[in-house]
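The values are calculated or read from the model by the stated rules, or taken from the named source; none is laboratory data. Keep in mind it's a predicted model, so treat the numbers as computed, not measured. Counting neighbours? That spans all protein chains shown, and the Cβs are built from the backbone with ideal geometry, glycine included. Just so you know, the surface numbers come from the protein's heavy atoms only, side chains and all, with ligands and any DNA or RNA stripped out. Shrake-Rupley method; radii C 1.70, N 1.55, O 1.52, S 1.80 Å.
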Amino acid sequence: MDIEACLDIYCDPFYHDFYGINHQMTNDELLREQSRDFLLNFALSESEYKNQCIPIQQRIFRCLPEKHFDISSMSLSDIMLKDFKFFAYYSAPLFWKETYEQIRRICEESGDNYIFIVEEECCERNPKVAFKLKIPVSKSWDELKNGGYISDVLFNMFNHNYYVFGDSGKWGKWCDYDNDYMDYEVFGYQNESPHILQYKDYFSNYITEDVIPGLKI
């Protein structure tokens, strides 16, 4: 991804005003530096994305980020490969503290060292600014939230679509916040485990087979 182009788009007071704190209480230059540091630490290079990320992503998902998944014309079973079980639930944004900690526990259980976050490219006018990130499982929620404007866009903004998965290739979630219906996610997994069951139970009141009324999984 193009870090400077991404900063030019998202280091705009609009994002912090609307989704985060009042930017007038914070130095804009500091926020841009925090945003740059976040991307320098976590953004994938083009070679890392092609050689490390895509091969794992292809073991979990049918769709790739340059293609568009449309819930109005496609089935949720088109997202995950056939050997993955899955459930859909209403949810947004990408993470908050409790869900991030639950995902970290799933990662530890699965033997993951990293969490990949890949934005669906067609959500952006310029595909080069679509997020392609690699987050060490050891990173705390406070560290992720300290990324200036970029943290606001990723973790406060109910917009765009993302693939999230661990480097073990044992689980993944599709986050669809850019449709005309409801914000929802699809969590897929190969084997049911204690922490996956806890994650499913956490969203038990929001699990649905009808993301669009009348359209079954």
Next item on the list: Pop out the carbon and sulfur fraction of the accessible area of the chain as a percent, whole number, probe 1.4 Å.
Entry: 47 percent
Item checked: For region 28-39, 3J(HN,Hα) per residue [Karplus equation, 6.51 cos²θ - 1.76 cosθ + 1.60, θ = phi - 60°, Hz, x = Gly/Pro] -> 4, 5, 5, 4, 5, 5, 4, 5, 5, 4, 4, 6
Check: PRE reach from Gln58 (point 7 Å along Cα→Cβ): which of region 79-118 fall under 20 Å by backbone N?
Finding: 79-84, 116-118
Next item on the list: Please report, in Å, the Rg and the Dmax of region 122-179, where both are computed over Cα atoms only.
Entry: 12.4, 33
Next item on the list: Could you list which residues have their amide H under 5 Å from that of Thr208, counting only those 5 or more apart in sequence or on another chain, with H placed in the peptide plane?
Entry: Ala88, Tyr89, Tyr90
Check: How big is D, in µm² s⁻¹, for the chain by Stokes-Einstein at 4 °C and 1.567 mPa s if Rh is the Kirkwood radius over C-alpha pairs?
Finding: 73 µm²/s
Note to self: For the chain, take the longest principal axis of its alpha carbons; what is the angle in degrees between that and the long axis of helix 97-110, to the nearest 10 within 0 to 90?
What the structure shows: 60 degrees
Notebook entry, point to check: Applying 1/(1 + (r/R0)^6) with R0 = 25 Å to the Cβ-Cβ distance of Asp180 and Ile207, what FRET efficiency is obtained, to the nearest 0.05?
Noted result: 0.75
Note to self: How large is the accessible surface of Lys170 in square angstrom, using a 1.4 angstrom probe and rounding to the nearest 10?
What the structure shows: 90 Å²
Item checked: For Leu44, distant residues with modelled amide H under 5 Å away -> Lys132, Leu133, Lys134
Item checked: Debye intensity ratio I(q)/I(0), log10, region 148-217, q values 0.14, 0.21 Å⁻¹ (C-alpha model) -> -0.55, -1.11
Checklist line | Stokes-Einstein translational diffusion, region 82-148 - Kirkwood Rh over all Cα pairs, 1.306 mPa s, 10 °C, in µm²/s | finding: 114 µm²/s
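Would you kindly state the longest site-free stretch of the chain, with sites defined as GluC sites (Glu not before Pro) in a DSSP loop (not H, G, I, E, B) surrounded by at most 11 other Cβ atoms within 10 Å? All intermediate terms of the calculation are to be shown ahead of the outcome.
Working: sites that count: Glu66, Glu192, Glu209.
Result, exposed sites excluded: 67-191.
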Checklist line | Per residue Cα convex hull volume in Å³ - calculated over region 30-136 | finding: 142 Å³
